Every structure is written in C-alpha cells, then in structure tokens.
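Data first, discussion second: the structure below is written as structure tokens.
Please treat every number below as a calculation from the coordinates, not as lab data. Every value quoted in this text rests on a predicted model; they were computed, and no experiment measured them. Every residue, glycine as well, gets a Cβ built from its backbone with ideal geometry; the counts of neighbours run over all protein chains shown.
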Amino acid sequence: MATDNATSDFRRRFDAALDLHRQGLTGRCLLALEDLLRQRPDDLSLRYCFGAIAVQAGDPVAALPHLEAVVAAHRQHIDAAETLARAYVDTEQAARAVQLWRRYLAHSPGLRAHVRLLEALLADGQQDHARREAESLEQHIPGAAPRLAIGTVFHEAGHVEEAVGWYRRALQADPEERHAREHLAAAEYALGRIDEARVLYERLARDFPGDAAIWQALGSLYKEQDDLAGGMSCYQRAMHIKRRMPETDELPLLARDPAQRRTSVHSLTLELEQLEALREAKVKVRGLDSLIDGYREVLDDLRIGPPGEHKRTLTEAQFMLIGRAMHRLVHHEPAERLAGGALNPDVDWAAVETDYQAARPGLVVVDGFLREQAIEALRGYALRSTIWFDYSKAGGYCGSYLNDGFGCPLLMQLAEELRERMPAVLGPHPLTHLWGYIYDATLSGITSHADPAKVNLNFWVTPDDANLDPDSGGLVVWTREAPADWDFQAYNNEPEAIDAFVADSDKVVVPHRRNRVVMFNSSLVHRTDDFRFRPGLMNRRLNMTMLFGHRGRPEAGGTPQPE
C-alpha cells in the first residue's frame, strides 16, 4: 500500500509539473522536475521529459546528461535522438550530432533520420558532405517527399538557392505537391524574385482560398511592390479566415488545445469593454449577452486567484464561456476613404517637410494632423473593431498589426496623402509597417526601442480630457541614432542595454495630445512616456504608427522580408 501511495504521489507531482509547462511557467516546471529527479534519478522517462523541456527553454547544457542517458539506453528512441542532436548543435557540438545520426542510421535507416543527418552536417559546416548525402537519399527514396524534405533543410540552413532546386525537383515528381509549391514561393520571395513569387502565391491563393498563411504571404508581397490596397485586402482576408468566431460545436475541440486558451488579464479586460460598447451601440452579435456574462465571470475568477505572470492559460471550462470571442473578429468597424482627404488641409506640409529635413537627426511635431472627420472615424474603427489580437505585451497594452488585419481604407488613404504631400521625405519610401496599440490605464507602455525603417509617424486619437497629466503621456525620443549594424530584433528585446546606450544623449519629451503626430527618424531610440489616463474604453490611450521605407535602403525595392 505504501508503494502505491508513493507512486500516486509521484504521478500527481509529475502531472502538476507538466501543467506548469503548459501554462508557460517553464522555470517552475523544471524546478519541480529536478525535485522528482532527486527522488528517482534513474527514471529515464523523467530524464527525457526534463531534457526536452530544458532544451526548449534554452538550457541545453542542463539537458545533455539526461538526454545522453536516454539515448544510450534506447538507441532507437528517435524523439530523444532528435532532442539530443539539437542540444549538441545549440552547444556548438554539431560534430557530435553528426556522429549520433550516423550511428542511428546504421541500425534504423529512414527518411526522418536521414533528414536530421543533413541538418547536422550543415550545422557543422560540412556542405559538400550534406550535398552528397542529399543526392544519395534521393536515389534511395524516390518521390516528392525526400526532395521536399531536403529542400527544407537547405532552406532553413540559409542555402536558399540550393533549396529552390530541390523544391523544383519535388514538383517534377508531383506538380501538385502543396508544401513544395508553398516553400518554393517563399524561397523565391526571400531571393527577391518578386515576379516569380507573385505568380506562385497567386496560384496558391486560387487553389487554397481558405489558407490564411497564403493570403498573409501574398499581402506582404503586394505591400513590398507598393500595392498597399492589394496588400491590405489580402491581410484582411487572412484575418477573416484565421480570426473568425468559431461555432459553438467547435469550442470543445479548441478548448483541448492549451495554446487556444492562452491570454492575459489586460487583454480580456479590453475585450469585455469592447463587447459592452458593441451592446450599447446596438451592434448585432449572436450570443452577445452571454459572452459578456462569461467574460465577467472569468475575469472575476482570474482576479481573485493567485497572482501569476501576465499571460494566463484558462481552464477548459473558462474557455467554453468566452472562446467564441477571445482574440476573435467579433466586429469590424468600417473607416472608408474621405472625399475631402484625411490630412488637415490647413497644415503647411511643405514646411513640415522642410523642418524635418533641417532637423538633425530628424524629428518634427505637428498638431491638428488630421481632419476632424478622419480622426473620429479612425477612433471609432479602433475602439469598436475587435482586432487587438496581440495580448502578449507585459506592459499591459494590446497590439494590432497590418499583417494580422489592422488597417482600413482611410489609413491607406492617409499613407498615400502623406507621401504625396512630403515627396522628398516620404515619397520614395512605401509604407512598410502599420500598427496600433491600446493601453490599460493602470499599467505601462512600450519600453525603449528603435525601428528598422526610414521614417516613423506616431499619432494619437484619444481626447485630451482622458489624460490626467497633460505634460506627459506621449513619447520620449532620444537624439542618438541606433548604430548602422544594430540587430533590431536582439536590441529591442533588451531595454536595459538600450537605456544604457542612450543614457548620456539628449532626449525630446513630446506630451500626449489628441490629433498630434510625431514624425522622426526611425533609427532614434524611443519609448512610451509615463502616463495617467482615466479608466474605461473611451479613455484608453491609443496610438497608431506608420513606418515608411527600409533602414539601409536608399529607396523602395530590394529583397523583400516576409513578416
């Protein structure tokens, strides 16, 4: 009986550790697994689980002894072998990954292991050996599948031109192989062969009209060709596919996926406020009253529960209450082009352009940015459209991006007019990115960062009386440019390093004002200023950002970068 109790306790603790991992609390999960390993140091299943999660968490050194023990005991455990090989590569021991797969293939040849050997060879810099291995694999396993797999390996290793050849070989074996078509289109796009990529993506969109990823890729291609209307149309088609409200009978299956249940308290709060506003505006949404009740119940549960990270994983029961609306397109408010234009005609845009060019390194502030009709239309679009799908920001703001459907004809008109009115500063540079952020009044904003573009336009649409401190709430811009070799993805995730970089440089603090725009050199480090706004949806701080051009390019064009 004591043994049964010990086993039961072990299983309970093990399940609890895995649940922490499913909730995204990986550090706590690994600590719990380490406790279990002290109790059962020779349990290979437990050691494999610890090793696999440690590799996912970016700690391959801790994972290695456990994975090596598993593979030594179970030489044909391909999942363990794959994870161990990844740990070897991550610790710059790719040669050991090559040895691992050669030993494995000596006993269990198969496509999956051959592909992993190719990956290891390329990671170890053995390109010629990898090419010979690929040719041998194609001879021994005919058909489209091995050619597609080989192409994918070369593609992911950065050998894109070589990947194109293998994708074409796969299509020779099977002209309708969908993944080979998709991968070939992406490779042609990455190589800057826009016309070829466009033909491929347009055919894919015709053949698979329900695939959101294809429409997103086609939208990025159109945008890169400066076809803004075409790009937005594709992005929004993708949004309507990906973000549609599921039917009630679809919810149980969705609820079983932890990724579908992932959210944050500040995101749910915003969604509830928007649903309540839709009800007040008498917008017809099926089951709206029950959704609002469900949101209130779930938020009450989360707020009285133990504190946790800003990201939360709902229970299946909680998800069933609100899953039809959570991160979904419940309503899309129109904001059409205006016959009289979007920009304020009283602003001397030629003077604005001259002031920007004279400023070093480039920053101007303009009040009365938009016509009144335009700013009210954009505010209505932002507050009533349930498009704020990015819930992940720790600061407590939610985001919406062009490639996930953010945008409307009025914003496209605005981008066109800006380039027409300021032809020297913006004319040569297409709109490359567009997004909006909406903020929780009790939390914080965007940390210090810079953007990989030419020119940044940031404007605000929230009424001034919502701002409890008129001297703040806007933007802080430092006058030091990011270095030419700045890795934006790396540095923008290290606000402390960025703050140190600009610590001794001058800064410009631009207070928040309704209908104010800040136009500045995108290489300048900037952040959201501290803010205090009134609570409630109508008072939420709300900014929209447009990026024009690509940093490092003298003009539009060049190699496209899928978003």
Q. Among V455, G445, A359, whose Cα lies farthest out toward the positive end of the dipole of the chain, if unit charges sit on the beta carbon of Lys, Arg (+1) and Asp, Glu (-1)?
A. G445
Q. Which of the lysines could a cross-linker span from K311 if the Cα-Cα distance has to be under 23 Å and same-chain partners fewer than 8 positions apart are dropped?
A. K242, K393
Q | Reachable aspartates and glutamates, given that their alpha-carbon falls under 16 Å from the alpha-carbon of K507 and they are not under 8 places away in the same chain | A | D471, E481, D499, D529, D530
**Q.** Charge dipole of segment 31-224 about the Cα centre (unit charges at C-beta), most positive-ward option of Q56, I150, W101
**A.** W101
(Q) Helix 144-156 against the longest principal axis of the chain: what's the angle in degrees, Cα atoms only, rounded to the nearest 10? (A) 60 degrees
Q: Over the alpha-carbon set of the chain, divide Rg by the Kirkwood Rh and report the Rg/Rh ratio to two decimals.
A: 0.99
Q: Return one number: the angle in degrees, 0 to 90 and rounded to the nearest 10, between the long axis of the Cα atoms of helix 44-56 and the longest principal axis of the Cα atoms of the chain.
A: 30 degrees
Q.
Helix-only estimate, please: 222 nm mean residue ellipticity of the chain, summing -39500 (n - 2.57) across DSSP H runs of length 4 or more and dividing by its residues, to the nearest 500.
A. -16500 deg cm²/dmol
Q) Picking from L254, S220, V265, whose Cα lies most toward the positive end of the charge dipole for segment 217-269 (charges on Cβ: Lys, Arg +1; Asp, Glu -1)? A) V265
Q) Which angle between 0 and 90 degrees, to the nearest 10, do you get for helix 194-207 versus the longest principal axis of the chain when only C-alpha atoms count? A) 80 degrees
(Q) Rounded to the nearest 20 debye, what is the charge dipole size of the chain about its Cα centre when +1 sits on each Lys and Arg Cβ and -1 on each Asp and Glu Cβ? (A) 900 debye
Q) Say each of R534 and V508 gets a label point 7 Å from the Cα, pointing the same way as Cα to Cβ; how far apart are those two points in nm? A) 3.0 nm
